[in-house]
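Before any comments, here is the structure.
Quick note: the coordinates plus some simple rules give every number you see, no bench work behind them. What you see is a predicted model; the values in this text were computed from it and never measured. Using ideal geometry, Cβ is built from the backbone for each residue, glycine included, and neighbour counts are taken over all protein chains shown.
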Amino acid sequence: MVFSGAGNHLRMRFHLQLFPPKFSAWVIVLLVLLLPAVLTAYVLHSLTWLVVVPFGIIVLALFIAALPAKRKVTPEQFADELESHLLGTEGPWDWDDTTSVVIADARLEEVRSRLGPNLDSLSHEKDKDELRAIIAALRRGELPDVTVSPGNMSLFRWRK
């Protein structure tokens, strides 16, 4: 129990005794790196494995992370992702995934790569209108030709 007081008011609160904290991320990372290393070093009777195994796990993780992973998404699904951003109903990382993960379809990838920073916050009505136009064209099955103007990286010209 922890007692805290401000002036004449004393409050009693329960702290960590009732609800122990969950494993934090760094504890899990340490377990993933060190548990296999300790077991390997014990079985093979060599302390060298305490360094080699964590290093190997890190190299393997970096190698897997560097592999090119492309999302397979249809124009309708991409329009849904854009619309959820427009409506503000996306999850905490959805817009980041939409704008930063490469799409397998080259035409949709061109659209994704040209989504300008002005569409991140949608602070102006013209940005919302631009996103609405992109969504409508994708729903009609029209894929945009992206034209780059000097002042605006996300100006679209549509074709059928």
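Numbers below:
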{"quantity": "Spin-label pair Ile28/Val43, simplified geometry with 7 Å Cα→Cβ offset, distance in nm", "calculated": "2.4"}
{"quantity": "Karplus (6.51, -1.76, 1.60) ³J(HN,Hα), θ = phi - 60°, over the range 78-92, in Hz, Gly and Pro reported as x", "calculated": "5, 4, 4, 5, 5, 5, 5, 5, 4, 7, x, 9, 6, x, x"}
{"quantity": "³J(HN,Hα), Karplus 6.51/-1.76/1.60, whole Hz, each residue of the range 62-69, x for Gly, Pro", "calculated": "5, 5, 5, 5, 7, 5, x, 10"}
{"quantity": "Whole-number Å³ per residue for the convex hull built on Cα positions in the range 25-67", "calculated": "60"}
{"quantity": "Three-way shape label, the range 53-119, alpha-carbon gyration tensor, a/c 1.5", "calculated": "prolate"}
{"quantity": "Contact order relative to length of the range 25-67, as percent, for alpha carbon pairs under 8 angstrom and 6 or more apart", "calculated": "33"}
{"quantity": "Neighbourhood charge, 13 Å Cβ-Cβ cut-off, centred on Leu122 and excluding it, Lys, Arg +1 and Asp, Glu -1", "calculated": "-4"}
{"quantity": "Ordering of 83-91, 103-111 by packing [mean C-beta count within 10 Å, highest first]", "calculated": "103-111, 83-91"}
{"quantity": "Under 18 Å from the Cα of Lys128 - aspartates and glutamates, other chains or at least 8 residues apart", "calculated": "Asp80, Glu81, Glu83, Glu90, Asp94, Asp96, Asp120"}
{"quantity": "Euclidean distance of C-alpha centroids, the range 102-116 and the range 31-80, integer Å", "calculated": "29"}
